[in-house]
Amino acid sequence: MNTKSLFSSIGLVAIAISMVFSVAVISLLPSFRIDLTEDNLFSLSDGTRNIVTTLDGPVELIFFYSESATEDIPQIRSYANRVEELIQEIVIASNGRLSLNIIDPQPFSEEEDLATQYGIQAVPVSQGGEAIYFGLVATQTVDAEGNALIIPPSEAMPLIRPDQEEFLEYEFMKLVTKVAKPDRQIVGLLTELDIDGGFDPTVGQATQQWMVMDIIRQLYEVRRIENESETIDEDIDILMLVHPQNLSEQMLYAIDQHVMRGGQTMLFLDPNADSLVTRSPQGALIPAQMESELPGLLEAWGIEYDSDNVLADNEQALRVIMGQGQRPAPHLGMLGVQRDYLAGDDIITSRLETVNLSSPGTISKLEGAGTLFEPLLRSSTDSMLMEASLVENVTDPSILFDEFVSSGESHVIAARVSGVMATAFPDGRPEIIVEESDEDTEVETEEVVVEEIVEGIVEDVDQEAVEHLSNSKVETTILVFADTDMLSDRMWVQVAQFLGQRIPQPFANNGDLVINALDNLGGGADLVSIRSRGRDSRPFTRVVQLQREADDRLRSEEAELLDRLAETEAELARLNQTEDGQPIGVITPEIQAGIDGFNEDLLLTRRSLRDVQYQLTEDIERLGSNLKWINTALIPLLLSILALAMSYVRGQRRKLAS
């Protein structure tokens, strides 16, 4: 096509029509995206797409954002744009099942009342400045058939904080999941610990349930499962196993099939469960069977668990008081796991500070296992494994230091295990062994009853044998913690009584960890699969390195200055006293000389500090100038050279062709 035909009336009309057609095609394909960012900032996870495309009824997202009040705050506006873009991506992926309503609440308006009604509260961003609304609400007003709901379920995120940016996709999907499934989920609790309350024989009184169970019951329906049971109800969403011991083959099979059905599981193991230790009336310790066991199942799930050894950690040892009148001393077997050893990129542990443990064990991925093993809690490298019997009987924690030899290896204390899992019972449900009675005086009616019961059990077994699952239906998740004492009140919370109510006063994040874990499992496999996203903020690593080097030099100079200041003050104090220690009260020439010398050193040090700061600024500006030169001159120059080279090659080819 020549130039005249291109710019003729027909050519211009053709160009206009093609542009309109292109815009129409693009507008009709809103879900078509190409994400070119390194951390896939604009790509949704498969779990999110599965959740929003399988919603039974329409869900409305209401984004309360004070746009007009943030016109002069570019940081918040930039973050709000990223939040809005993420929400819009989620809405587009839902294929019409989600809708978005953006509201800018003005002071004293109905929109502000609506935000308050949903629990979204205004937050001041500066002293004396106007407060802003920045939250998200998910609500469902009609069911799948379009019928209006009498009490519309709703969930709110009162404040979308910038430090949550990596987990916003997860938090938004948790809101949608809770609204789509508003009924409280069922947690099945299987344990012999007195976690739900018990009886203390030493004082002859009943004990209250642990505070963690108080909190769980506020959010979930808890259903006890007895150790003697042989089945686990299919409506149990999350199975919570705490220190399993001496379980029958039938119960082990029921646990196995719960996992095969895709049920979520939270497992607490322990090689040395301190909570089982009781005291005799004389005060002596009476340990019970201290170690957990789950034969066959752990291996099938790809988990290796050491039930014979306790983890000792020198770096994270807690200081404890072992007896009345004793001074606090570090205990290698009682750990305070700090943030550096918690998985920072996992929603369960990302915002926790400290998790306290007592004589924990270790877990690892079984060699050859096909499941995914993701550590949540780790020890430091200054740790080792000690025999559980040694830690169990210790009354003086200093004894542990005599046996401590660091392994130089970090051990896993808690982990998420996920994937498609195989059954630990490939041959189906184990046989039920019915013991025959040896009593000769058993009446005939009782024999008939026993026979009927056995026949009923056999019928149930035959029915369940047909439904035996050899592999999990979908990817399932098991959260494993190698400590049970972390749940007890003494490790994380003080409980106060106020007007008959128990008021928790936590000093560690153990309770938060358990609730985060339940929330994560409660969303199903799709919600569990959502991982943290990258941050939009991309710092200049070279500038950060320069600032750190300058800070190190500044701290060094300041430390030297403080040392000289202390020495000068001590010298001046010595010169200002007589031989018997009485103050002179007069500035002598020696004192004046010392003061003058220190002032000179002070000026020189301040000048040196300014030079360091000036050099930092100069280095950053030089780096910026180099980057500007590269962007404005070097890149265009390279492109020009490339274009000239291509033109030259093309000309040579034409010459050869002619």
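Below are the figures for this structure:
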item: Search result, residues across the stretch 86-95 that are open to solvent by less than 70 Å² (accessible area, probe 1.4 Å) and either in contact with a Phe, Trp or Tyr (Cβ under 8 Å, 6 or more places away or on another chain) or assigned to a helix (DSSP H, G or I) (or both); result: Leu86, Ile87, Glu89, Ile90, Val91, Ile92, Ala93
item: Test: residue in the stretch 358-377 that is part of a helix (DSSP H, G or I), under 25 Å from Val242 (Cα atoms) and modelled with pLDDT under 95; result: no
item: The lone exception for Gln545 - which of (1) closer than 30 Å to Met173 by Cα; (2) at pLDDT below 70; (3) not in a loop (DSSP other than H, G, I, E, B) it fails; result: (1)
item: Condition broken by Ser66, with the remaining ones in (1) hydroxyl-bearing (Ser, Thr, Tyr); (2) touching a strand residue (DSSP E or B) at 6+ places or on another chain (Cβ under 6 Å); (3) open to solvent by 50 Å² or more (accessible area, probe 1.4 Å); (4) more than 26 Å from Val142 (Cα to Cα) satisfied; result: (3)
item: Where Ser350 falls short, out of the listed (1) of a type in the set (S, T, N, Q); (2) farther than 27 Å from Gln208 by Cα; (3) open to solvent by less than 70 Å² (accessible area, probe 1.4 Å); (4) modelled with pLDDT of 90 or more; result: (4)
item: Residues that are of a type outside the set (Val, Ile, Thr) and at pLDDT 90 or above, drawn from the stretch 472-493; result: Leu479, Phe481, Ala482, Asp483, Asp485, Met486, Leu487, Ser488, Asp489, Arg490, Met491, Trp492
item: Any pair with Cβ under 8 angstrom, 6 or more apart, that starts in the stretch 245-272 at a residue that is among the charged types (D, E, K, R) and ends at one that is part of a helix (DSSP H, G or I); result: Asp256/Leu297; Asp256/Ala300; Asp270/Asp485
item: Of residues in the stretch 96-140 being acidic (Asp, Glu) and touching a strand residue (DSSP E or B) at 6+ places or on another chain (Cβ under 7 Å), the one nearest to Ile151 (Cα to Cα); result: Glu111
item: Among residues of the stretch 314-347, those that are surrounded by 22 or more Cβ atoms within 10 Å (Cβ to Cβ) and polar (S, T, N, Q), counted; result: 1
item: Unique match (being surrounded by 17 or more Cβ atoms within 10 Å (Cβ to Cβ) and free of Cβ contacts under 8 Å to residues at least 60 places away in the same chain) among Met157, Met173; result: Met157
item: Hits in the stretch 222-260 - residues which are open to solvent by less than 80 Å² (accessible area, probe 1.4 Å) and of a type in the set (Asp, Glu); result: Glu230, Asp233, Asp235, Asp237, Asp256
item: Strands (runs of 3 or more DSSP E) wholly inside the stretch 167-255 containing at least 3 residues that are within 23 Å of Asn509 (Cβ to Cβ); result: 186-191, 238-242
item: Count of residues meeting criterion [modelled with pLDDT under 85, polar (S, T, N, Q) and over 28 Å from Ser78 (Cβ atoms)] in the stretch 142-183; result: 1
item: Residues (at pLDDT 90 or above and either farther than 16 Å from Met486 by Cβ or of a type outside the set (S, T, N, Q) (or both)) located in the stretch 314-326; result: Asn314, Glu315, Ala317, Leu318
item: Any hit, the stretch 327-340, residues being at pLDDT below 90 and assigned to a loop (DSSP other than H, G, I, E, B); result: yes
item: Members of the stretch 607-653 found to be modelled with pLDDT of 80 or more and open to solvent by 80 Å² or more (accessible area, probe 1.4 Å), listed by number; result: Leu637, Leu638, Leu639, Ile641, Leu642, Leu644, Met646, Tyr648, Arg650, Arg653
item: Matching residues, the stretch 69-79, being open to solvent by 30 Å² or more (accessible area, probe 1.4 Å) and not basic (Lys, Arg); result: Glu71, Asp72, Ile73, Pro74, Gln75, Ile76, Ser78
item: Within the stretch 114-136, considering residues that are of a type outside the set (A, V, I, L, M) and outside any loop (DSSP other than H, G, I, E, B), the one nearest to Asp46 (Cα to Cα); result: Gly135
item: Breaking point among (1) closer than 28 Å to Gly524 by Cα; (2) in contact with a helix residue (DSSP H, G or I) (Cβ under 9 Å, 6 or more places away or on another chain), for Tyr133; result: (1)
item: Residues that are in a helix (DSSP H, G or I) and surrounded by 16 or more Cβ atoms within 10 Å (Cβ to Cβ), drawn from the stretch 51-63; result: Ile51, Val52
item: Cβ pairs under 7 Å, 6+ apart, first in the stretch 631-658 and touching a residue at least 60 places away in the same chain (Cβ under 8 Å), second of a type outside the set (A, V, I, L, M); result: none
item: Index of the failed condition, Glu111 passing every other in (1) open to solvent by 70 Å² or more (accessible area, probe 1.4 Å); (2) part of a loop (DSSP other than H, G, I, E, B); result: (2)
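For (1) open to solvent by less than 20 Å² (accessible area, probe 1.4 Å); (2) touching a residue at least 40 places away in the same chain (Cβ under 8 Å), each residue gets a yes or a no:
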| site | (1), (2) |
| --- | --- |
| Glu84 | no, no |
| Arg97 | no, yes |
| Gln106 | no, no |
| Gly119 | no, no |
| Ala148 | no, no |
| Pro162 | no, yes |
| Glu169 | yes, yes |
| Lys181 | no, no |
| Arg184 | no, no |
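Results for (1) touching a Phe, Trp or Tyr at 6+ places or on another chain (Cβ under 7 Å); (2) surrounded by fewer than 23 Cβ atoms within 10 Å (Cβ to Cβ); (3) at pLDDT 85 or above, shown as yes or no for each residue.
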site	(1), (2), (3)
Gly283	no, yes, no
Gln289	no, yes, no
Ser307	no, yes, yes
Ala312	yes, no, yes
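Residue-by-condition table, conditions (1) at pLDDT 90 or above; (2) open to solvent by 30 Å² or more (accessible area, probe 1.4 Å); (3) out of contact with any Gly (no Cβ under 8 Å at 6 or more places or on another chain):
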position	(1), (2), (3)
Asn393	no, yes, yes
Phe404	yes, yes, yes
Ser407	yes, yes, yes
His411	yes, no, yes
Val417	yes, no, no
Ile432	no, yes, yes
Glu436	no, yes, yes
Glu447	no, yes, yes
Gly456	no, no, yes
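The values are calculated or read from the model by the stated rules, or taken from the named source; none is laboratory data. Keep in mind the model is a prediction, meaning the values are calculated, not measured. Neighbour counts run over all protein chains shown; Cβ positions are idealised from the backbone, glycine included. Note: accessible area is taken over every heavy atom of the protein model, side chains too, but ligands, DNA and RNA are not part of it. Shrake-Rupley method; radii C 1.70, N 1.55, O 1.52, S 1.80 Å.
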